[in-house]
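J.: I'd like to ask you about the structure that follows.
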Amino acid sequence: LGFDREEGCVDSTMEGDCVLPGDRLCLESSHVRGHGTYVLGSDLVSTHAGVIHTVNRLVTVEAVKSRYAPEVGDVVVGRVMKIVNKRWILDINAKQFAFLMLYVDSFVSIPIQTPCTSQ
């Protein structure tokens, strides 16, 4: 990656490029700081190793390895960790467990499986 101070950005194809902590991304005056970046002098700099994403003038760096952050509309697969007070507590490999409410009058037929133990 080559930082071109006259152009004000790494280059026009910086979307999807990999960066390391401390890499200069672009001039702060030409872009807006997003997650994974900070301002150093007049430059936007990466805070961690990741991939650059740009939306209009917003520049973000998505970490190479991170926990799942669910969004509306996502299909999520999880492991039921506990059933407590009519709630399922699920491990979805995110920062926190997920909770699903159990209803007795549920119209969904869910097969109950227990972990197999080898003898």
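The values are calculated or read from the model by the stated rules, or taken from the named source; none is laboratory data. Fair warning: this is a prediction, and the values are worked out from it, not measured in the lab. When we count neighbours, we look across all protein chains shown, and the Cβ atoms used for this are built from the backbone with ideal geometry, even at glycine. When the accessible area is computed, the model is the full protein with side chains, heavy atoms only, and any ligands, DNA or RNA have been set aside. Shrake-Rupley method; radii C 1.70, N 1.55, O 1.52, S 1.80 Å.
J.: Counting only heavy atoms of protein chains, what accessible area per residue, in Å², does region 12-83 have with a probe of 1.4 Å? Show your work: numbers first, answer last.
T.: Working: 4960 Å² over 72 residues.
Result: 69 Å² of accessible area for each residue.
J.: For residue 57 and residue 38, compute 0.36 nm times the residue count separating them, minus their Cα-Cα distance, and round to one decimal in nm.
T.: Working: separation 19, 0.36 × 19 = 6.84 nm, distance 1.47 nm.
Fully extending the segment from residue 57 to residue 38 adds 5.4 nm.
J.: Residues with amide H under 5 Å of residue 48's amide H, sequence separation 5 or more or different chain, H placed in the peptide plane at 1.01 Å from N; which?
T.: Residues meeting the amide H criterion: 22.
J.: Let me check against my output: what whole-number percent is the relative contact order of region 33-85, with C-alpha pairs under 8 Å and at least 6 apart? Spell out each step's value before the answer.
T.: On the way: 57 pairs, mean separation 14.8, N = 53.
Taking the mean separation of contacting Cα pairs over the length of region 33-85, I get 28 percent.
J.: On to the next question. Which length gain, in nm to one decimal place, applies between residue 65 and residue 84 when the Cα-Cα distance is subtracted from 0.36 nm times their residue separation? Write down the numbers at each step before the final one.
T.: Numbers: separation 19, 0.36 × 19 = 6.84 nm, distance 3.15 nm.
Result for the pair: 3.7 nm of gain on full extension.
J.: Could you list which residues have their amide H under 5 Å from that of residue 26, counting only those 5 or more apart in sequence or on another chain, with H placed in the peptide plane?
T.: 44
J.: Please sort by residue number the trypsin sites (Lys or Arg not before Pro) in region 42-81 whose DSSP state is loop and whose Cβ has at most 13 other Cβ atoms within 10 Å.
T.: Working: sites: 57, 65, 67, 79; in loops: 57, 65, 67.
Answer in residue order: 57, 65, 67.
J.: Further question: Could you give me the ³J(HN,Hα) list for region 25-41, computed from phi with Karplus coefficients 6.51, -1.76, 1.60 and θ = phi - 60°, whole Hz, x at Gly and Pro?
T.: For region 25-41, the Karplus curve yields 9, 6, 6, 5, 6, 9, 9, 9, 6, x, 4, x, 9, 8, 9, 10, x Hz.
J.: What are the ³J(HN,Hα) couplings of region 87-95, residue after residue, when phi is run through the Karplus curve with 6.51, -1.76, 1.60 and θ = phi - 60°? Round to Hz, x for glycine and proline.
T.: 9, 9, 9, 10, 9, 10, 6, 10, 5
J.: Tell me, what ³J(HN,Hα) does each residue in region 51-60 have, in order and in whole Hz, if you take phi through Karplus 6.51 cos²θ - 1.76 cosθ + 1.60 with θ = phi - 60° and put x for Gly and Pro?
T.: Rounded to whole hertz, the list is 10, 7, 10, 10, 10, 6, 9, 7, 10, 10.
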